[in-house]
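**Q** Quick one: the structure is below, questions incoming.
The values are calculated or read from the model by the stated rules, or taken from the named source; none is laboratory data. Treat the numbers as computed from the prediction; the structure is a model and nothing was measured. Reconstructed Cβ throughout: ideal geometry from the backbone, glycine too, with neighbour counts over all protein chains shown. All accessible areas refer to the heavy atoms of the entire protein, side chains included, with ligands and DNA or RNA removed. Shrake-Rupley method; radii C 1.70, N 1.55, O 1.52, S 1.80 Å.
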Amino acid sequence: MIRFLAACAALALAAPAAAETIAIVDATLLTMTEAGTIGKGTVLIRDGRIASIGANVAVPPDARIVDGRGGVVTPGFIQADSTLGAVEVSQVPASADRATHSRTISAGFDISLGLNPDSILLPVSRLAGITHAVTTPLYDDRSGRDLQFSGQAAVIDLAQRPDMVTRPRVAMVLEMGEGGAERAGGARGSAIVALRATLADVRHFARHRAAYDRGEGRPQTLSRIDLEALVPVAEGRMPLIVKVDRASDIVEMIALAREEGLRIILDGAEEGWRVADAIAAAKVPVIVDPLANLPHSFSQVGASMDNAARLHAAGVAVVLKAGSGVAHRARELRYSAGNAVAWGLPHDAAVAAITINPARVFGVADRIGSLAVGRAADLILWSGDPLEPLSQPRLIFVEGLEKPLTARPLDLRDRYLP
């Protein structure tokens with residue numbers, strides 16, 4: 001009986017309000033489309049979808065009116081390089097599914113499997129405007145630090161419904177630079193040689209699967225699971241997220257990607273500003289933490305708070321993130337974007353870097369990242385500029401589902417504050 005009631009509750013949370021029409025009126029609309037910014041505009045939501053948007057929208061008499069005066073409507077934010085849904089308490093292994101230490105499953109680790117839609121971290125992040133996250137696997141030191149890849153990332157939604165995966169296997173995750181060198185024997189050169197050898201093995205496997213299954217052909221260092229997972233990477237169909245910071249390492253990875261026919265996404269790139277023109281010329285997107293300005297290693301000596309601004313000025317597609325591999329501090333994404341603006345990134349570019357840019361980079365721009373007619377409503381009504389810390393959400397929709405403005409920390413506050 002308890003399971004039945006729980007299932008009913010989950011379905012109720014996952015279902016949009018039947019036949020409901022909602023009109024957000026007189027708000028500034030940051031559409032992230034060719035329409036640009038619309039002042040004193042209206043978004044009409046019917047049955048969870050955007051039915052109309054613009055400055056002159058007819059509002060049906062039966063619509064629920066939401067006064068947006070002084071407010072701003074944005075697409076839901078996307079937190080890149082996160083572990084949301086894959087961790088609850090970092091120091092409790094049973095609640096952390098963000099990494100594998102299996103010696104036979106590394107590239108084959110699919111983080112979209114086994115996620116937790118009931119994580120209390122999701123509503124906390126949602127109140128910060130985050131409706132989706134690119135959940136990426138981490139490396140686990142228990143593997144002996146010899147795993148070449150950490151696994152495959154996925155785009156998830158924060159609606160807290162059982163089917164939370166927007167798109168699985170959106171990218172493979174690889175660390176190069178200092179971390180990659182350590183895993184490959186202590187030198188960057190060995191990491192590059194190992195990567196080229198792996199790609200050659202994967203391509204050979206793709207051409208001779210039958211022989212491999214018969215136990216014939218040349219020996220492989222990776223398991224069949226990993227080889228199969230890497231085929232779309234080697235064929236250029238799945239992008240490779242490369243965690244790298246030093247300018248020379250970035251140039252090396254761009255050259256390797258060009259020679260091997262790989263699609264890469266740079267993650268971190270703390271010295272990216274030094275080679276911004278090369279990154280832009282290669283049309284490689286970059287995931288940046290705007291607050292990264294301290295040289296925690298020799299690969300980050302050139303770290304700078306204006307990294308995002310300089311990359312954008314050079315023409316690089318910039319995606320902003322809060323930290324690296326974070327879940328508990330994902331809510332700081334809009335503060336990070338605000339800091340990027342303070343250091344020279346244009347405001348509209350900062351909003352794009354947490355909405356439409358990550359949606360495009362990870363292949364989900366047809367669903368999220370912008371406000372357009374026909375799309376499921378995935379948006380936030382803010383009390384003011386969303387990059388200002390004092391602004392708060394007044395209405396939240398996650399892919400057509402209106403979500404409450406509550407989270408467990410607020411519930412505890414209200415319970416114990418009196």
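**Q** Of the numbered conditions (1) more than 18 Å from residue 161 (Cβ to Cβ); (2) open to solvent by 50 Å² or more (accessible area, probe 1.4 Å); (3) of a type outside the set (S, T, N, Q), residue 41 satisfies every one except a single condition; which is it?
**A** (2)
**Q** Limited to the range 176-202, what total is found for residues that are open to solvent by 50 Å² or more (accessible area, probe 1.4 Å) and under 18 Å from residue 153 (Cβ atoms)?
**A** Total satisfying the criteria: 0.
**Q** Please enumerate the residues belonging to the range 12-33 that are modelled with pLDDT of 95 or more and open to solvent by 40 Å² or more (accessible area, probe 1.4 Å).
**A** Answer for the range 12-33, where residues must be modelled with pLDDT of 95 or more and open to solvent by 40 Å² or more (accessible area, probe 1.4 Å): 26, 28, 33.
**Q** Something else now. With respect to residue 291, determine if the residue is open to solvent by 30 Å² or more (accessible area, probe 1.4 Å) and under 20 Å from the mean Cα position of the chain (by Cα).
**A** Working: open to solvent by 30 Å² or more (accessible area, probe 1.4 Å): yes; under 20 Å from the mean Cα position of the chain (by Cα): yes.
In short, yes.
**Q** Just checking, does the range 50-60 include any residue being outside any loop (DSSP other than H, G, I, E, B), open to solvent by less than 20 Å² (accessible area, probe 1.4 Å), hydrophobic (A, V, I, L, M, F, W, C) and modelled with pLDDT of 95 or more? Show your work before the answer.
**A** At the first step, the residues of the range 50-60 found to be outside any loop (DSSP other than H, G, I, E, B) are 50-54.
Now narrow it down to the ones that are open to solvent by less than 20 Å² (accessible area, probe 1.4 Å): 50, 54.
Applying the additional criterion that residues be hydrophobic (A, V, I, L, M, F, W, C) yields 50.
Adding the requirement that they be modelled with pLDDT of 95 or more leaves 50.
Yes - at least one qualifying residue is present in the range 50-60.
**Q** Residue 160 - would you say it is open to solvent by 10 Å² or more (accessible area, probe 1.4 Å) and farther than 20 Å from residue 103 by Cα? Let's see the steps before the verdict.
**A** Working: open to solvent by 10 Å² or more (accessible area, probe 1.4 Å): yes; farther than 20 Å from residue 103 by Cα: yes.
When the stated conditions are applied, residue 160 passes them.
**Q** Please go through the range 162-189 and give me each residue that is of a type in the set (Gly, Ala, Ser), touching a helix residue (DSSP H, G or I) at 6+ places or on another chain (Cβ under 7 Å) and in a helix (DSSP H, G or I), ordered by number. Steps first, answer last, please.
**A** Going through the range 162-189, the residues of a type in the set (Gly, Ala, Ser) turn out to be 171, 177, 179-181, 184-187, 189.
Narrowing the set further to residues that are touching a helix residue (DSSP H, G or I) at 6+ places or on another chain (Cβ under 7 Å) leaves 177, 180-181, 184, 187.
The answer is 177, 180, 181.
**Q** Here's another thing I want to ask about it. On the given criteria, is residue 205 under 16 Å from residue 232 (Cβ atoms), open to solvent by less than 10 Å² (accessible area, probe 1.4 Å) and without any contact (Cβ under 8 Å) to a residue 40 or more places away in the chain? Don't jump to the end; show me each part of the working.
**A** Values: under 16 Å from residue 232 (Cβ atoms): yes; open to solvent by less than 10 Å² (accessible area, probe 1.4 Å): yes; without any contact (Cβ under 8 Å) to a residue 40 or more places away in the chain: yes.
Yes, satisfied.
**Q** Can you run down the residue pairs with Cβ atoms below 9 Å, 6 or more apart or on separate chains, where the first is in the range 271-291 and under 21 Å from residue 335 (Cα atoms) and the partner is of a type in the set (Phe, Trp, Tyr) and in a loop (DSSP other than H, G, I, E, B)?
**A** 290/343
**Q** Still on this structure, I have one more. Scan the range 67-106 residue by residue and report those that are without any contact (Cβ under 8 Å) to a residue 40 or more places away in the chain and touching a Gly at 6+ places or on another chain (Cβ under 9 Å). Before you say what the answer is, go through the steps one by one.
**A** Let us first name the residues in the range 67-106 that are without any contact (Cβ under 8 Å) to a residue 40 or more places away in the chain, namely 88-89, 91-97.
If the condition is that a residue be without any contact (Cβ under 8 Å) to a residue 40 or more places away in the chain and touching a Gly at 6+ places or on another chain (Cβ under 9 Å), then 97 is the only one that fits.
**Q** In the range 209-231, what residues are over 23 Å from residue 174 (Cβ atoms), part of a loop (DSSP other than H, G, I, E, B) and open to solvent by less than 80 Å² (accessible area, probe 1.4 Å)?
**A** Answer for the range 209-231, where residues must be over 23 Å from residue 174 (Cβ atoms), part of a loop (DSSP other than H, G, I, E, B) and open to solvent by less than 80 Å² (accessible area, probe 1.4 Å): 215, 217.
**Q** Continuing with the same structure: Identify, by number, the condition in (1) of a type in the set (Gly, Ala, Ser); (2) open to solvent by 10 Å² or more (accessible area, probe 1.4 Å); (3) under 23 Å from the mean Cα position of the chain (by Cα) that residue 80 doesn't meet.
**A** (2)
**Q** Confirm whether residue 182 is within 30 Å of residue 307 (Cα to Cα) and modelled with pLDDT of 95 or more.
**A** Details: within 30 Å of residue 307 (Cα to Cα): yes; modelled with pLDDT of 95 or more: no.
So residue 182 fails the test.
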